[in-house]
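Worksheet for the structure shown next.
The values are calculated or read from the model by the stated rules, or taken from the named source; none is laboratory data. Please read all numbers here as calculations on a predicted model, not as lab measurements. Glycine also receives a Cβ, built like all others from the backbone with ideal geometry; neighbour counts cover every protein chain displayed. Surface areas here come from the heavy atoms of the whole protein model, side chains and all, with no ligands, DNA or RNA. Shrake-Rupley method; radii C 1.70, N 1.55, O 1.52, S 1.80 Å.
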Amino acid sequence: MITRIDDLLDRITMYRLVLYVLIGLIAIAVVLSFFSLLPFSPLSLLVSTVFLVITCWAANRILGSIFEVPTNVESAYITALILALIIDPVKSPGDLQFLGWAAILAMSSKYILALNNKHVFNPAAIAVVITSFALGESASWWVGTASMLPAVLLGGVLLVRKLHQGEMVSIFVVASLVTVCIVSLLEGLSVTRELQQLLVESPLFFFAAIMLTEPLTAPPTQNLKRIYGLITGILFVPQIHVGPIYSTPELALVIGNVYSYIVSPRQKVVLRLKRKSRISSDIVDFVFKPSQRPAFEPGQYMEFTLAHPKPDSRGNRRYFTLASSPTEESLHLGVRFYANSSSFKRTLYRIDGRTKIIAGQIAGDFTLPRDPRQKLVFIAGGIGITPFRSMLKYLLDEHQWRDIALFYANKTADEIAYKDILSEAQTKLGIKVFYTLTNTQVIPRNWRGLVGRIDERMIQQAVPDYQERTFYLSGPLDMVRAYEHILKNMGVKRDQIKTDFFPGLV
């Protein structure tokens, strides 16, 4: 059952899943309000939602045109729906003023409150913080009610699983629970009652799954995300205050966003194509000239925005692991193309030097260990070779020797990519490279590599000291999960296995 859910989630981009969950929550709220289980009418909720969607969409289009940057319609819709779920629906035409300002401020924050082309705050959170101080109008967070809790939990679990952010979310929730207990004891309040209020009658889980996990305003690495979850979890508790100013969910997130900005790479770069070349039967290597050289570690990923007409259900944003090394002036992307590729990939395939792509949000923990003496095994499948191309090119340019064995699995020999870098790493750094072909029906006559899927026997024969090594796994999700299972059966400890993951993996 879990595998089937994962397979379904793998077919949906992160942003599209968030959009579906939010639409589902609005629909459920309409039904609940029809049966008087929520304190407003279905019509008022629908009017508010439509008004917010239109206003956010229009503001996003206008601001994008003014600042001459690609717009993302999904982002505008997501922000509008979040605002609809945290601000009380209109009761009179005068209430539309608050909604309008919240929508305009949210969209404006993406363009105006951006430093080094990187927006700092969650748009919905900063909008209601500003309206609270400037207009005296604040968010009610009505989504945090007992009647909405089952739907919020279901959607939240799907999102957290998709994003692999269970640890950060857990730290946030535990921090909030512990803080509530401490504050309740200090103030002589009922701990049981306060915990019930936090778990059932607050937006704790909606906030954690929908807003805390947003990649653009979250820190780039797991260690930093743990601290992020801790800070926001403590500040989420409403009893926390400085003088007359009491904490609110939106204020907690804005403060967390400030921390995230301080510790995160602060770059967005404009990319223009220098050249592209087919390096295997279905992989193209794109070489871009960046407006400035981004600062990243080998193995990290970035988010790429490519504006194009009529984007399909997967939108105009993608995350790609960088194939280039920080030592290179150009930016390399290795992209696999399929027969029925998305509108994004079809557009990417046709780009030329005039096309502008926006890249930002450098993140990822799939990086080389600090200790160069640590023995490593890289296992790549197909396009999963890209982070290893980045790492090996970096080691070559830095003349840094490491004890690395690399297994590279493909169906056929013509699918092997970046063989030039792999061969150079073999020759100059002594990297052990083991190619294996899994389609045994089309093995070339002069093939000198391995044959078959990577299994326990293959690893044990090629790397007898495998239990002393850290394993890096990169490739299709099913392949990565299969290799994780193999390694666990071989007695490899969990902390010796690293997997390449980024939001919106598919």
Worksheet item: Got a number for residues in the stretch 38-53 being surrounded by fewer than 14 Cβ atoms within 10 Å (Cβ to Cβ) and more than 30 Å from the chain's Cα centre (by Cα)?
Response: 2
Worksheet item: How do the pairs read when you match residues in the stretch 471-484 that are of a type in the set (D, E) with residues anywhere that are part of a strand (DSSP E or B), using Cβ under 9 Å and keeping only pairs 6 or more apart or on different chains?
Response: E484/F471; E484/L473; E484/I497; E484/T499
Item to complete: Taking the residues in the stretch 175-188 that are over 10 Å from V237 (Cβ atoms) and without any contact (Cβ under 8 Å) to a residue 12 or more places away in the chain as candidates, determine which candidate is most open to solvent (accessible area, probe 1.4 Å).
Response: L186
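Considering T367, T355, T347, which residue is out of contact with any helix residue (DSSP H, G or I) (no Cβ under 7 Å at 6 or more places or on another chain) and more than 26 Å from D10 (Cα to Cα)?
Working: T367 fails: more than 26 Å from D10 (Cα to Cα); T347 fails: more than 26 Å from D10 (Cα to Cα).
Just a single option satisfies the conditions, and that option is T355.
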Worksheet, complete the sentence: Inside the stretch 154-186, the number of residues satisfying the requirement of being over 13 Å from R226 (Cα atoms) and touching a helix residue (DSSP H, G or I) at 6+ places or on another chain (Cβ under 9 Å) is 19
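Return a yes/no flag: does the stretch 241-249 have any residue that is out of contact with any strand residue (DSSP E or B) (no Cβ under 7 Å at 6 or more places or on another chain), in contact (Cβ under 8 Å) with a residue 24 or more places away in the chain and either β-branched (V, I, T) or under 29 Å from A295 (Cα atoms) (or both). Lay out the reasoning, then the answer.
If we filter the stretch 241-249 for residues that are out of contact with any strand residue (DSSP E or B) (no Cβ under 7 Å at 6 or more places or on another chain), which is where we start, we get 241-246, 248-249.
Those left that are additionally in contact (Cβ under 8 Å) with a residue 24 or more places away in the chain: 248-249.
The next check asks that each one be either β-branched (V, I, T) or under 29 Å from A295 (Cα atoms) (or both); those that pass are 248.
Looking through the stretch 241-249, at least one residue is out of contact with any strand residue (DSSP E or B) (no Cβ under 7 Å at 6 or more places or on another chain), in contact (Cβ under 8 Å) with a residue 24 or more places away in the chain and either β-branched (V, I, T) or under 29 Å from A295 (Cα atoms) (or both).
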Item to complete: Residue by residue through the stretch 443-484, note down the ones that are among the acidic types (D, E) and either open to solvent by less than 30 Å² (accessible area, probe 1.4 Å) or over 14 Å from A409 (Cβ atoms) (or both).
Response: E456, D465, E468, E484
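This table checks each residue for (1) among the aromatic types (F, W, Y); (2) surrounded by fewer than 17 Cβ atoms within 10 Å (Cβ to Cβ); (3) within 17 Å of the chain's Cα centre (by Cα).
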| residue | (1), (2), (3) |
| --- | --- |
| I2 | no, yes, no |
| D7 | no, yes, no |
| Y15 | yes, no, yes |
| Y20 | yes, yes, yes |
| I23 | no, yes, no |
| A29 | no, no, no |
| F35 | yes, yes, no |
Worksheet entry | Hits in the stretch 54-82 (condition: of a type in the set (V, I, T), part of a helix (DSSP H, G or I) and open to solvent by 40 Å² or more (accessible area, probe 1.4 Å)) | I54, I62, I66, V73
Worksheet entry | helices (runs of 4 or more DSSP H) enclosed by the stretch 160-265 - at least 1 residues per element that are within 21 Å of the chain's Cα centre (by Cα) | 166-187, 222-236, 249-263
